[in-house]
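K.L.:
Please read through the structure below; I'll follow up with questions.
The values are calculated or read from the model by the stated rules, or taken from the named source; none is laboratory data. Here the structure is a predicted model, which is why all the values come from computation and not from measurement. Neighbour counts are summed over all protein chains in view; Cβ atoms, including those assigned to glycine, are modelled from backbone coordinates with ideal geometry. These accessible areas exclude ligands, DNA and RNA; they are computed on the full protein's heavy atoms, side chains included. Shrake-Rupley method; radii C 1.70, N 1.55, O 1.52, S 1.80 Å.
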Amino acid sequence: MSNRMVCREASHAGSWYTASGSQLNAQLEGWLSQAQSTAGPARAIIAPHAGYTYCGACAAHAYKQVDPSITRRVFILGPSHHVPLSRCALSPAEVYRTPLYDLRIDQKVYADLWKTGMFERMSLQTDEDEHSIEMHLPYTAKAMESHKDEFSIVPVLVGALSESKEQEYGKLLSKYLADPSNLFIISSDFCHWGQRFRYTYYDESQGEIYRSIEHLDKMGMGIIEQLDPISFSNYLKKYHNTICGRHPIGVLLNAVAELKKNGIDMNFSFLNYAQSSQCRNWSDSSVSYAAGALIVH
């Protein structure tokens, strides 16, 4: 056996975000400087995973709530866009590269998760093709840079889970969510609207199409803020809003519900909402982005 580390390359650098470390650092610093820290520190955040020109500014509002001085492990839950997956999957890599610095996967937590029998192992190819986790790596590296040798990451690719599976994974991960030294990053965009996404829900009473999209997204965001997994499932069944990270969000909501049973007090609030463009015609399309944070009291 060779001692060579298995590394996941920053496969979307140079296209979805700049491959230049210094440029990337300056961009992230710029966006973070425009965001306010609220009542942090966050135990979990929801943030988008599109190209940084579209959602970098929005994501900063979530990352601004991260406290690097207490965070020792960063769980990143991202949806699978390319491979059919009915469970969750772990990476074969040991190191995730970013243009800023390399991030180390927590092999002890990975071993504990693997032992449960609830996880698959994705191929390195699947891992490098997927952007939902990678788009959070530069922001994680930036948010944690003052303690960069003191933390590890736990990437989890989340499949198209049934409600009962969301509950099972939520239960399993709740013990990690209970630990203040862990941070959970939930990777999701919000409404993908337009014919190219085969989703054109429009409530004319809201005015222009983009206003209807905002109203629909904010209804979902309000339900997420209630931290009730069943209400969120019902919202998705009723409106079919194309929230690509609905399963990672479902897992988080179920983990929170588990902790609430034990009397742990938490609240979630969204801090920013944006759209890639404003849809006014049926030929338009847009993707929505939202950033929020879970605070444990």
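K.L.:
Just one of the numbered conditions (1) in contact (Cβ under 8 Å) with a residue 60 or more places away in the chain; (2) crowded, with 17+ Cβ neighbours inside 10 Å; (3) under 24 Å from GLN275 (Cα atoms); (4) in contact with a Ser or Thr (Cβ under 9 Å, 6 or more places away or on another chain) is not true of THR38; which one?
P.N.:
THR38 satisfies every listed condition except (2).
K.L.:
Return the only residue of LEU259, LEU253, LEU271 being over 25 Å from GLY159 (Cα atoms), surrounded by 19 or more Cβ atoms within 10 Å (Cβ to Cβ), touching a helix residue (DSSP H, G or I) at 6+ places or on another chain (Cβ under 6 Å) and not charged (D, E, K, R).
P.N.:
Just one listed residue meets the conditions, LEU271.
K.L.:
Looking only at the stretch 224-239, decide whether some residue is closer than 20 Å to TYR63 by Cα, of a type outside the set (S, T, N, Q) and assigned to a helix (DSSP H, G or I).
P.N.:
yes
K.L.:
While we're here: Looking at (1) of a type outside the set (Ser, Thr, Tyr); (2) buried (at least 19 other Cβ atoms within 10 Å of the Cβ); (3) under 26 Å from GLY51 (Cβ atoms); (4) in contact (Cβ under 8 Å) with a residue 40 or more places away in the chain, can you tell me which one GLU166 breaks?
P.N.:
Every condition holds for GLU166 apart from (3).
K.L.:
Six or more apart or on different chains, Cβ atoms under 6 Å: show the pairs whose first residue is in the stretch 192-212 and over 22 Å from ALA50 (Cβ atoms) and whose second is surrounded by 16 or more Cβ atoms within 10 Å (Cβ to Cβ).
P.N.:
TYR202/ILE209; TYR202/SER212; ASP203/SER212; GLN206/SER212
K.L.:
Is at least one residue of the stretch 170-191 farther than 21 Å from TRP114 by Cβ and more than 19 Å from the chain's Cα centre (by Cα)?
P.N.:
So far as the stretch 170-191 goes, no, none of its residues is farther than 21 Å from TRP114 by Cβ and more than 19 Å from the chain's Cα centre (by Cα).
K.L.:
Condition (residue is touching a helix residue (DSSP H, G or I) at 6+ places or on another chain (Cβ under 7 Å), in contact (Cβ under 8 Å) with a residue 40 or more places away in the chain, open to solvent by less than 30 Å² (accessible area, probe 1.4 Å) and part of a loop (DSSP other than H, G, I, E, B)) applied to the stretch 179-190: is it met by at least one residue?
P.N.:
yes
K.L.:
Continuing with the same structure: Find the residue count for the stretch 220-242, including only residues that are on the phi > 0 side of the Ramachandran plot and either within 17 Å of the chain's Cα centre (by Cα) or open to solvent by less than 10 Å² (accessible area, probe 1.4 Å) (or both).
P.N.:
Going through the stretch 220-242 one residue at a time, the tally reaches 1.
K.L.:
Might you check whether a residue that is over 26 Å from ARG246 (Cβ atoms), out of contact with any helix residue (DSSP H, G or I) (no Cβ under 8 Å at 6 or more places or on another chain), open to solvent by less than 20 Å² (accessible area, probe 1.4 Å) and not charged (D, E, K, R) occurs anywhere in the stretch 70-92?
P.N.:
no
K.L.:
Still on this structure, please answer the following. Which of (1) of a type outside the set (Val, Ile, Thr); (2) open to solvent by 10 Å² or more (accessible area, probe 1.4 Å); (3) assigned to a loop (DSSP other than H, G, I, E, B) does CYS279 not meet, given it meets every other one?
P.N.:
(2)
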